[in-house]
Amino acid sequence: MKRLGRHLDRLRACFARMPDPRRGSNRRYALADIGMAALSVFLMQSPSFLAHQRALAEGRSRSNAHTLFGLARIPCDNHVRQLLDGVPTAHFDDVFHALVEDLDACGGLASMRRLDGRTLIALDGTEFFRSRKIRCDNCSTRKRADGGTEHFHQMLAAHVVAPGRAQSLPLPPEFVRPQDGTVKQDCERQAVKRWLACHGPRCAALRPVYLGDDLYACQPVCQAMLDSGGDFLLTAKPSSHQTLYEYLDGIRTPTRRRTAGRGAKRRIHRYRWMTGLPIRDGDDALRVNWLEITSARPDGTVTYRGAFVTSLHVDRDNVVELADCARARWKIENETFNVLKQHGYHLEHNFGHGKDTLAAVLVILNLLAFALHTLCELAETLWQQARQRLGTRFRLFEHLRTVTEYQVFPSWAALMTLLATGGPAAQPP
């Protein structure tokens with residue numbers, strides 16, 4: 001578990017550099033302890049982790065909060081919220097990038113690469129807070145049918161995904177919120193352009209192909225993806241790309257047919273593609289390549305149809321892989337948002353809203369915990385063995401929470417050895 005320990009040390013250093021709102025007063029807790037205490041709740045998937053560790057330390061003077069997370073003192077929940085409110089969300093960007101780069105350097109990303117070594121980065125927006133009563137200056141607003149005003153928080157998430165892989169790896173999020181000097185309310189398209197300007201150059205070494213829904217398949221966003229050093233593979237619906245589909249009308253496109261699956265899962269996939277089409281009307285329109293996949297049962301019943309535009313070359317040899325990669329966009333919904341909201345991370349739960357950036361900072365720590373769990377699944381042998389022995393993600397974290405309530409472990413290796421083998425780790429002589 002050395003790689004996990006190294007990133008926890010990096011996070012501790014990151015927390016220690018956070019702006020200190022106390023300005024010299026009330027230094028009972030170090031900022032590093034505040035940040036690590038908040039992270040521990042998400043990493044262990046236990047809202048009561050700190051309370052259990054306080055009780056555990058009463059009879060031993062030490063707890064897993066001290067040995068696993070390096071806390072000198074365990075702060076209370078209110079103190080954690082007070083000192084995290086106001087921390088800039090961009091403060092944690094380097095930690096996300098360092099984790100992905102480290103995983104890539106050790107070969108952990110090799111199984112996630114597609115299209116001759118390219119990295120697929122899915123972009124999508126999601127809400128993580130809504131209320132008619134609680135609000136802050138960073139809330140967006142909308143009117144409801146009954147005349148009431150709803151306040152909400154939304155973020156643009158970016159995750160490394162791959163067809164055939166259950167894992168997704170987070171990159172820094174971009175938050176949709178009121179922007180200084182802008183009259184119009186912020187939106188997802190503006191957020192994705194900010195994300196590309198800020199993080200695209202650093203992600204260029206991954207040779208990214210950006211995946212997204214029809215909202216992003218417009219010339220400004222596509223051009224921003226190209227300018228940042230990446231390519232795009234985006235959903236393109238006929239209703240929002242009339243010019244492009246007018247060019248396709250009446251054209252005999254190249255086709256390919258492929259059969260996959262057996263029995264009830266047998267499907268006949270038909271592919272079409274065309275190159276050099278304008279993405280919009282006008283002489284300055286960006287030229288893109290188009291592909292379509294239609295899946296049907298043997299009796300002809302269509303089960304899926306999707307069309308995409310891309311900056312990548314399309315031909316008979318790669319159209320199948322391109323379609324598979326384009327459909328991997330759904331993994332940010334199924335393998336990320338669904339897991340974060342329904343399977344232990346409780347993304348939509350209000351852990352603390354605050355008056356400034358608290359809600360967003362807590363979401364970032366939740367995403368960092370998710371990233372560290374993914375790192376362990378891809379690169380930590382003991383974690384992989386524990387997952388194989390216990391089966392589901394739910395059972396792994398259930399055991400993780402239970403054993404740390406009763407026993408103090410000297411290291412992550414000792415803890416994961418117990419979960420991987422069912423017996424204690426070998427003690428040093």
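The values are calculated or read from the model by the stated rules, or taken from the named source; none is laboratory data. Please read all numbers here as calculations on a predicted model, not as lab measurements. As a convention, Cβ positions derive from the backbone with ideal geometry for all residues, glycine included, and neighbour counts pool all protein chains shown.
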request  = Considering (1) farther than 20 Å from V363 by Cα; (2) surrounded by fewer than 21 Cβ atoms within 10 Å (Cβ to Cβ); (3) within 20 Å of the chain's Cα centre (by Cα), say which one Q167 fails and leave the rest.
outcome  = (1)
ask   = Regarding N64, is this residue crowded, with 20+ Cβ neighbours inside 10 Å and at pLDDT below 90?
value = no
inquiry  = I'm trying to understand the selection: among the residues of region 238-264, which are outside any helix (DSSP H, G or I), within 24 Å of R316 (Cβ to Cβ) and free of Cβ contacts under 8 Å to residues at least 60 places away in the same chain?
reply    = D249, G250, I251, R252, T253, T255, R257, T259, A260, G261
Selection count, region 225-281, where residues are touching a His at 6+ places or on another chain (Cβ under 8 Å), within 14 Å of A307 (Cα to Cα) and not β-branched (V, I, T) = 0
task = State whether the residues of region 369-390 include one that is in contact with an Asp or Glu (Cβ under 6 Å, 6 or more places away or on another chain) and touching a residue at least 60 places away in the same chain (Cβ under 8 Å).
result = no
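For (1) outside the structural domain of C106 (by TED's automatic domain parsing); (2) under 19 Å from the mean Cα position of the chain (by Cα), each residue gets a yes or a no:
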{"residue": "A323", "(1), (2)": "no, no"}
{"residue": "A328", "(1), (2)": "no, yes"}
{"residue": "E333", "(1), (2)": "no, yes"}
{"residue": "E348", "(1), (2)": "yes, yes"}
{"residue": "A360", "(1), (2)": "yes, yes"}
{"residue": "I364", "(1), (2)": "yes, yes"}
{"residue": "T374", "(1), (2)": "yes, yes"}
{"residue": "R389", "(1), (2)": "yes, no"}
{"residue": "R393", "(1), (2)": "yes, yes"}
key: Candidates A166, A145 - the one that is modelled with pLDDT under 95, under 21 Å from E333 (Cβ atoms) and aliphatic (A, V, I, L, M)   = A166
query = What do you reckon, is L291 over 22 Å from R118 (Cα atoms), under 33 Å from the mean Cα position of the chain (by Cα), assigned by TED's automatic domain parsing to the domain that holds A217 and crowded, with 16+ Cβ neighbours inside 10 Å?
reply = no
ask   = Any idea which of (1) part of a loop (DSSP other than H, G, I, E, B); (2) surrounded by 11 or more Cβ atoms within 10 Å (Cβ to Cβ) is the one D284 doesn't satisfy?
value = (2)
request  = Go through (1) in contact with an Asp or Glu (Cβ under 7 Å, 6 or more places away or on another chain); (2) part of a helix (DSSP H, G or I) and name the single condition A323 misses.
outcome  = (1)
query = Can you tell me which of R12, R23 is at pLDDT below 95, out of contact with any strand residue (DSSP E or B) (no Cβ under 7 Å at 6 or more places or on another chain) and not polar (S, T, N, Q)?
reply = R23
inquiry  = Within region 108-151, take every residue that is among the charged types (D, E, K, R), in contact with a Leu (Cβ under 9 Å, 6 or more places away or on another chain) and touching a residue at least 60 places away in the same chain (Cβ under 8 Å) and give me the one that is surrounded by the most Cβ atoms within 10 Å (Cβ to Cβ).
reply    = D124
request  = Answer yes or no: is there a residue in region 38-55 that is farther than 23 Å from R10 by Cα and in contact with an Asp or Glu (Cβ under 7 Å, 6 or more places away or on another chain).
outcome  = yes
